[in-house]
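To start, the structure itself, in structure tokens.
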Amino acid sequence: MGPGGASPRARWPLPLLVAMAVGVAPAVWASHSPHLPRPHPRVPPRPSAERRAVYIGALFPMSGGWPGGQACQPAVEMALEDVNSRRDILPDYELKLIHHDSQCDPGQATKYLYELLYNDPIKIILMPGCSSVSTLVAEAARMWNLIVLSYGSSSPALSNRQRFPTFFRTHPSATLHNPTRVKLFEKWGWKKIATIQQTTEVFTSTLDDLEERVKEAGIEITFRQSFFSDPAVPVKNLKRQDARIIVGLFYETEARKVFCEVYKERLFGKKYVWFLIGWYADNWFKTYDPSINCTVDEMTEAVEGHITTEIVMLNPANTRSISNMGHVVFDASGSRMAWTLIEQLQGGSYKKIGYYDSTKDDLSWSKTDKWIGGSPPADQTLVIKTFRFLSQKLFISVSVLSSLGIVLAVVCLSFNIYNSHVRYIQNSQPTLNNLTAVGCSLALAAVFPLGLDGYHIGRNQFPFVCQARLWLLGLGFSLGYGSMFTKIWWVHTVFTKKEEKKEWRKTLEPWKLYATVGLLVGTDLLTLAVWQIVDPLHRTIETFAKEEPKEDIDVSILPQLEHCSSRKMNTWLGIFYGYKGLLLLLGIFLAYETKSVSTEKINDHRAVGMAIYNVAVLCLITAPVTMILSSQQDAAFAFASLAIVFSSYITLVVLFVPKMRRLITRGEWQSEAQDTMKTGSSTNNHEEEKSRLLEKENRELEKIIAEKEERVSELRRQLQSRQQLRARRPPPTPPGPSGGLPRGPPELPDRLSCDGSRVHLLYK
């Protein structure tokens, strides 16, 4: 049928007719099924001399990232042969092919493109293959108004009609893979995925489309990596980010590099699933590649179990259309819609596991998928939150010590109250000692809530436990240490300056001591009340780094630790530690200053000073150590609780045991009881004792005075004897005329002897 024939096809533009003939026929022949009949019977063609030659320029990728030209070039040649041999398709023309190997490289393709454009004969159609090559060719061809027909370009960017007005393709867009991937994500319940891509436009635009689709499906791309030529760092990043479900978009040559790094990072196995493009060669991972240093066995191990999606050119449904390709459907943007074949690499070979028809959202599943772990892996490591609880052995041990300490405090308190009438006990300010025993009991009781955590109580009871810790420990310290500090303070105030404080020694009244203790306790009560009202303690959670279990299971342990804290915890601790620290340091200073003071008003102040030393040292060491070890529950509890236990034990033993020992060994409580019965009251007994001491002291002084008077009389007699002896001696004789020496040295005055006697008397 000639150009002037009556057929409507003859009025169509020749390039469009050629595009239809060449674009459809290769797909039929490349995917021809023996079950489908040929579309038309053959008719003898016209002789070649009567037909006009029409040239088609083609770029086939025979090597490179996608060597698809190895299969497509024979299909195109078969299609041209079939078209040229028929009279019902372009009967007046003979199609001829001029082709080059683009190597799937835009740079190489640019060279061949200009050869096709500027070298005769003129080509009416250009046929590139790879998406990167098609993008370059289509952008240049618009300047010559040339039709570009691609048989294998899948880049979504090529659907842009403003950018590529003369571009057409028979291969669906790469975005057609994405609905299938999303459907599989939903089937296996994956909500988090990661991606790694080669930095080319086809993969970038495909991944952008995937990101939009997964977002609509409620799936998150948690990590997105890309590389140009070396995938080592991106693969390491995937490993570091714990990526499990990974979509890989790259050409075949880069895929070998990626999976060599995957093997090195051990990013494969039962915990991982890789999604790859399905148009790689079946043995792509076994192909020798000098750019990688992994063996075939290593590559085979790394790629085992991955999933591929591949567009099906022939509709697998048993339906017939004009082209015998099944129903061909296009979307609103003109991109062809087709079924997607889903395969899995099982034992080194690809096995078909299903089809997906995105137009009907129909997933045909063959249930032949196999997983290394027996089931599809999780999309992330299952994180199990576990609380770090206090060691129960440690808690029970310290609790027993605290209980025994409370019993000891009760015994000391009972002893002090029972013997409060004894003068020795009275002179130790027993009321302050009672407060010390009560304070030690409260501090020891604070050990129990200090060791309670989520193992024993629920989260609703935790704030009450936090408050119990604070109040028991705060009041225990105020009463226990405050009463001892009061004693040492007043001993230093009254008895260290002899001349200025003589009157104070007679007037030290107990109410002054009680007022000092009340001031210290009241300050703590006010501070604790304000803290609890303004910024109460509550339960907080400290989270640690994830830990891998010893068993080979796909879980991670997330340790957590409960704390008692508040919004301004550091501020409140700074106030408390600063105030208490000053009291401790001042207590040490006062204990040192009063170590040589002796007084009956407070007869146990030296024991109080010793107790202050021990308490201060333990507190000043424990406070910063427990803050540093707050994340180690056993160590922090051990330091804090043992400091409380030891300081309480030391205080009780130092203050009360010597009193018990004295009363037991000397029996003073018995004599005091007898004296009390005789005099009728302990006050009269005290006055009588004081009178006896004064009489004894008077007798001793009289004896000393008598001895001194007797000595003075003796010295007077000696002086008188010396004076008489000197009066009877003759006067000294002057030296003789012969100039001899005097007869002797002059006699010393008697006064020297008297003075020597006086000196001896003074120092006797």
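Taking the residues in the stretch 507-549 that are assigned to a loop (DSSP other than H, G, I, E, B) and within 32 Å of the chain's Cα centre (by Cα) as candidates, determine which candidate is nearest to GLY458 (Cα to Cα). Break it down into steps so the answer makes sense when it comes.
Going residue by residue through the stretch 507-549, those that are assigned to a loop (DSSP other than H, G, I, E, B) are 508-509, 535-537, 544-546, 548-549.
From what's left, within 32 Å of the chain's Cα centre (by Cα): 535-537, 544-546, 548-549.
Details: ASP535: 21, PRO536: 18, LEU537: 16, PHE544: 21, ALA545: 24, LYS546: 24, GLU548: 27, PRO549: 27 Å.
Applying the filter and picking the extreme gives LEU537.
Within the stretch 109-138, residues that are assigned by the TED database to the domain that holds GLY65 and touching a residue at least 40 places away in the same chain (Cβ under 8 Å) sit with their Cβ atoms under 8 Å from residues that are among the charged types (D, E, K, R) and part of a helix (DSSP H, G or I), at 6+ positions apart or across chains, in these pairs: SER131/GLU201; SER132/GLU201; THR135/GLU201. Against the conditions (1) crowded, with 21+ Cβ neighbours inside 10 Å; (2) in a loop (DSSP other than H, G, I, E, B), where does SER402 fall short? Just the number, please. Evaluating SER402 over (1) crowded, with 21+ Cβ neighbours inside 10 Å; (2) in a loop (DSSP other than H, G, I, E, B) leaves (2) as the failure.
Close Cβ contacts (under 6 Å, 6 or more residues apart or on different chains) running from residues in the stretch 296-310 that are in contact (Cβ under 8 Å) with a residue 12 or more places away in the chain to residues that are of a type in the set (Asp, Glu) and crowded, with 17+ Cβ neighbours inside 10 Å comprise THR308/GLU343. Selection of the stretch 428-476 for residues being within 20 Å of THR527 (Cα to Cα) and not in a helix (DSSP H, G or I) yields only ALA446. Scanning the stretch 578-625 for residues that are among the basic types (Lys, Arg) and within 40 Å of the chain's Cα centre (by Cα) yields a single hit, LYS580.
The residues on offer are ILE612, ILE644, ILE557, ILE575, and the sole one that is in contact with a strand residue (DSSP E or B) (Cβ under 7 Å, 6 or more places away or on another chain) and among the β-branched types (Val, Ile, Thr) is ILE557. Scanning the stretch 152-179 for residues that are touching a residue at least 40 places away in the same chain (Cβ under 8 Å) and in a helix (DSSP H, G or I), we see that the one that is nearest to TRP66 (Cα to Cα) is ALA174. Scanning the stretch 286-303 for residues that are buried (at least 18 other Cβ atoms within 10 Å of the Cβ) and either outside any helix (DSSP H, G or I) or not assigned by the TED database to the domain that holds GLU265 (or both) yields one hit, CYS294.
ILE557 passes every criterion in (1) closer than 24 Å to PHE387 by Cα; (2) buried (at least 18 other Cβ atoms within 10 Å of the Cβ) apart from (2).
Filter the stretch 405-427 down to residues that are within 17 Å of GLY439 (Cβ to Cβ), surrounded by 14 or more Cβ atoms within 10 Å (Cβ to Cβ) and of a type outside the set (A, V, I, L, M, F, W, C) and give me whichever is modelled with the highest pLDDT. Among residues in the stretch 405-427 that are within 17 Å of GLY439 (Cβ to Cβ), surrounded by 14 or more Cβ atoms within 10 Å (Cβ to Cβ) and of a type outside the set (A, V, I, L, M, F, W, C), the one modelled with the highest pLDDT is GLY405. If the condition is being hydroxyl-bearing (Ser, Thr, Tyr) and over 21 Å from VAL273 (Cβ atoms), then the stretch 176-218 contributes THR199, THR200, THR204, SER205.
One line per residue, one yes/no per condition, for (1) modelled with pLDDT of 90 or more; (2) in contact with a strand residue (DSSP E or B) (Cβ under 9 Å, 6 or more places away or on another chain):
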residue: ARG163; (1), (2): no, no
residue: PHE168; (1), (2): no, yes
residue: LYS187; (1), (2): yes, yes
residue: THR222; (1), (2): yes, yes
residue: ILE245; (1), (2): yes, yes
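Of the candidates PHE250, PHE268, the single residue that is within 19 Å of HIS306 (Cα to Cα) and buried (at least 22 other Cβ atoms within 10 Å of the Cβ) is PHE250. Whether a residue is outside the structural domain of TYR251 (by the TED database) and part of a strand (DSSP E or B) was assessed, and LEU149 passes this test. Working only within the stretch 550-583, note down all residues that are assigned to a strand (DSSP E or B) and within 18 Å of PHE477 (Cα to Cα). Listed by number, the list is empty, since nothing qualifies. Picking from residues in the stretch 216-247 that are assigned to a loop (DSSP other than H, G, I, E, B) and small (Gly, Ala, Ser), the one that is surrounded by the most Cβ atoms within 10 Å (Cβ to Cβ) is ALA243. Filtered by the rule that a residue be at pLDDT below 85 and in contact with a Leu (Cβ under 7 Å, 6 or more places away or on another chain), the stretch 584-626 gives LYS601, ASP604. Residue check: ASN293 meets all listed conditions (1) at pLDDT 90 or above; (2) of a type outside the set (Gly, Ala, Ser); (3) touching a helix residue (DSSP H, G or I) at 6+ places or on another chain (Cβ under 6 Å) but one, namely (3).
Residues satisfying the criterion are absent from the stretch 357-371 (criterion: of a type in the set (A, V, I, L, M, F, W, C), under 21 Å from GLN346 (Cα atoms), in a loop (DSSP other than H, G, I, E, B) and at pLDDT below 90).
Give me the residue from the stretch 109-146 that is aliphatic (A, V, I, L, M) and within 20 Å of THR253 (Cβ to Cβ) and, out of that set, farthest from the chain's Cα centre (by Cα). First the steps, then the outcome.
As a first pass, look at the stretch 109-146 and keep what is aliphatic (A, V, I, L, M): 109, 113, 116-117, 122, 124-127, 133, 136-138, 140-141, 143, 146.
From what is left, the residues that are within 20 Å of THR253 (Cβ to Cβ) are 109, 133, 136.
Values: ALA109: 52, VAL133: 48, LEU136: 49 Å.
Ranking the qualifying residues of the stretch 109-146, first place goes to ALA109.
Any residue at all in the stretch 459-476 that is over 26 Å from VAL534 (Cβ atoms) and without any contact (Cβ under 8 Å) to a residue 60 or more places away in the chain?
If we filter the stretch 459-476 for residues that are over 26 Å from VAL534 (Cβ atoms), which is where we start, we get none.
Checked the stretch 459-476: no residue is over 26 Å from VAL534 (Cβ atoms) and without any contact (Cβ under 8 Å) to a residue 60 or more places away in the chain.
Comparison of TYR455, TYR418 shows that the only residue that is in the same structural domain as LEU620 (by the TED database), within 25 Å of GLN392 (Cβ to Cβ) and not small (Gly, Ala, Ser) is TYR455.
The values are calculated or read from the model by the stated rules, or taken from the named source; none is laboratory data. Since the model is a prediction, treat every value here as computed from it, not as a measurement. A quick note on method: Cβ atoms are made from the backbone with ideal geometry, for glycine too, and the neighbour counts reach across all protein chains shown.
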